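The values are calculated or read from the model by the stated rules, or taken from the named source; none is laboratory data. Because the structure is predicted, anything quoted here is derived from the model rather than measured. When we count neighbours, we look across all protein chains shown, and the Cβ atoms used for this are built from the backbone with ideal geometry, even at glycine.
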Amino acid sequence: MRKLVLMDHDGGVDDLLSQLLLLTMQEIELLGITVTPADCFIEPALESSYKLLQVTQKEHIPLGRGEYYGINAFPSEWRARPEVINALPMLINLPRAPDPYTYPAAVDLIVKKLMQASGTVQILLTGPCSNLVFALEKQPELKNKIAQVVWMAGAFDVPGNVQTYQHNGTAEWNAFWDPISTQKLVALQLPLVFVPLDVTNHVPVTKSFLSRLAAQLSYPLSHLAGQMWAMTIDTIPSYHYVYYMWDILATSFLLIPQAFTTKPVQVNVSTRPPNAGQTYVDEHGWTATRVTGVDIASFYEFILTQFKK
Ligand code: AGV
Ligand code: CA
């Protein structure tokens, strides 16, 4: 039987690329995709998600609309990127996407899909974790239907990437958007795997990778992915503007876990300034797993191979 997977993403360029990557994986059955309005505005992001289902002929996969808005908003210039994606040449002329308000609420879709699942489900989170936490607050017994949660979030032994008022820079954005839910998720004591900045810092989107991808642009998905990644190449050489394969790395963990190293961690979460959303090692904290390393060459190779499908 194929692995059952639910994905919740938040509409960033790498979230949408992660969705596309997931759609290339024949080894999994994707039960549904929910979108959190964090690193995106919800309407154009749902349109992007639907367009990616169209290009892979998987419109039957249900989408859910996140209705909860977190405590700490993402910068608007990041959130607006799906508008550009929807205008890319391979996406702009596809048959019209449904009205985003006809989709079920994300929390309801997660509850329904977990309830109906014939076995346990792996959950991939590439944005904040609020929708999953609310779903489990609504139906606590569904915890038993979860095989594993893989979450791109957190920063343990490296600085965070939040740079804003009332913050000391120790948190990663997905954990910071809704620090209360972050703490609740950890406290639920599910089999939770963090893919934190400690490891994603090693996989920037480089021009040499994009050049390899461009060399295979006769494959439509490689062409599309190359266009999407090109949007992330900013010219301002500060940490704030380097784009990483954050969510792509977490997504790859589902299919090539053997390329990763992990270790257990006792983790705690701050919910208040000046370090709201900080995930830190604490011997009195909750138990989770953290990804500590990846075989970088086989990771890049894996992505290039998947986008030939
Ligand atoms: O903190 C990483 C998370 C990932 O899920 N997101 C981007 C990825 O989707 C937030 C983020 C941090 N820096 C960013 C981000 C940037 N420069 N642009 C857009 N989003
Ligand atoms: Ca994301």
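Observations on the model:
- Screening Gly11 on (1) in contact with a strand residue (DSSP E or B) (Cβ under 8 Å, 6 or more places away or on another chain); (2) over 16 Å from Ala135 (Cβ atoms); (3) surrounded by fewer than 24 Cβ atoms within 10 Å (Cβ to Cβ) shows it passes everything except condition (3).
- Counting only residues that are in contact with a Leu (Cβ under 7 Å, 6 or more places away or on another chain) and within 15 Å of ligand 1 (Cβ to nearest atom), the range 1-50 holds 11 of them.
- Odd one out for Ser211, checked against (1) at pLDDT 95 or above; (2) under 29 Å from Pro179 (Cβ atoms): (2)
- Single condition Val150 does not satisfy, out of (1) crowded, with 19+ Cβ neighbours inside 10 Å; (2) assigned to a loop (DSSP other than H, G, I, E, B): (2)
- Whenever a residue of the range 114-128 is surrounded by fewer than 24 Cβ atoms within 10 Å (Cβ to Cβ), its partners that are in a loop (DSSP other than H, G, I, E, B), lying with C-beta atoms within less than 9 angstrom and at least six residues away or across chains, give the pairs Met115/Gln139; Ser118/Met1; Gly119/Met1.
- Within the range 153-180, tally of residues that are under 14 Å from Ile71 (Cα atoms), within 12 Å of ligand 1 (Cβ to nearest atom) and surrounded by fewer than 18 Cβ atoms within 10 Å (Cβ to Cβ): 1
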